[in-house]
Amino acid sequence: MTLNIDSFPVLETERLVLREIKKEDASSILNYLSDAEVMKYYGLEPFNSLNDALDEISWYQSIYNNKTGIRWGITLKEQGIVIGSCGFHNMVSQHFRTEIGFELSKEQWGKGIAAEAVGAIINYGFEHLHFQRIEALIEPPNRSSQKLVEKIGFVREGLLRNYEFTGGKFDDLYMYSLLKQDLDIKY
């Protein structure tokens, strides 16, 4: 399992286009990543400037270029504006596993958009990137993300105590996983 892709894959669902995030998307990203509620479980402080958004885009490009991950911009088909992102990071080729991450503009919460986007990339990951295991690390108070991954079929394996140090404190994280043979997408 390696990220051997000639060009950045564009994924389409019923309502969404998942595409590469470019520097031109920085103001859209700043719009939702400057929101404290969106950033509550992101592991970073809310963004304050266009440079913060450009740094995030540079990280997306670096994980893709280094073949350690891939991050898609979530856009509504009729609009094309980035309203969130989702993707894989910390890919471990020799073990056919990766972690998943996602966030969405607060204006789009509760519409099933995140589940639709995550379902699309999970299918892509198992079919084209040949993952065996996809992991999601989620803070215990983040019930919305837990419900989303559970709906897709992820299994909570346990609690990783004081696993991350973000925002000046240690955070516990639930470890969720989805194995290729568990996949039963309901989209």
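The values are calculated or read from the model by the stated rules, or taken from the named source; none is laboratory data. Since the structure is predicted, the reported quantities are computational estimates derived from the model, not experimental observations. Reconstructed Cβ throughout: ideal geometry from the backbone, glycine too, with neighbour counts over all protein chains shown. Side chains included, ligands, DNA and RNA excluded: accessible areas come from the protein's heavy atoms. Shrake-Rupley method; radii C 1.70, N 1.55, O 1.52, S 1.80 Å.
Okay, here's what the table says:
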{"item": "Whole-percent carbon and sulfur share, accessible surface of the chain, 1.4 Å", "result": "48"}
{"item": "Candidate aspartates and glutamates - alpha carbon under 17 Å from K169, same-chain residues fewer than 8 apart omitted", "result": "E45, E139"}
{"item": "12 Å Cα-Cα reach of K22 towards aspartates and glutamates, excluding residues that sit fewer than 8 places from it in its own chain", "result": "D55, E56"}
{"item": "The chain - mean residue ellipticity at 222 nm from DSSP helices (-39,500 (n - 2.57) per run, n ≥ 4, rounded to 500)", "result": "-8500 deg cm²/dmol"}
{"item": "J(HN,Hα) series, the stretch 95-109, from Karplus relation 6.51 cos²θ - 1.76 cosθ + 1.60, nearest Hz, glycine and proline x", "result": "10, 6, 9, 7, 9, 10, x, 6, 7, 8, 3, 4, 5, 9, 5"}
{"item": "Cut-off of 10 Å, at most 16 other beta carbons, DSSP loop: longest stretch of the chain lacking such GluC sites (Glu not before Pro)", "result": "79-187"}
{"item": "Where the chain is the region considered: accessible area per residue in Å², 1.4 Å probe", "result": "52"}
{"item": "In the stretch 123-187, trypsin sites (Lys or Arg not before Pro) in a DSSP loop with at most 14 other beta-carbon atoms within 10 Å", "result": "K186"}
{"item": "Quotient of Cα Rg and 2.2 N^0.38 Å for the chain, N being how many residues it contains", "result": "0.97"}
{"item": "³J(HN,Hα), Karplus 6.51/-1.76/1.60, whole Hz, each residue of the stretch 74-87, x for Gly, Pro", "result": "8, 10, 7, 3, 7, 10, x, 8, 5, 10, x, 8, 7, x"}
{"item": "Nearest-20 debye value, the chain charge dipole, Cβ charges on Lys, Arg, Asp, Glu", "result": "340"}
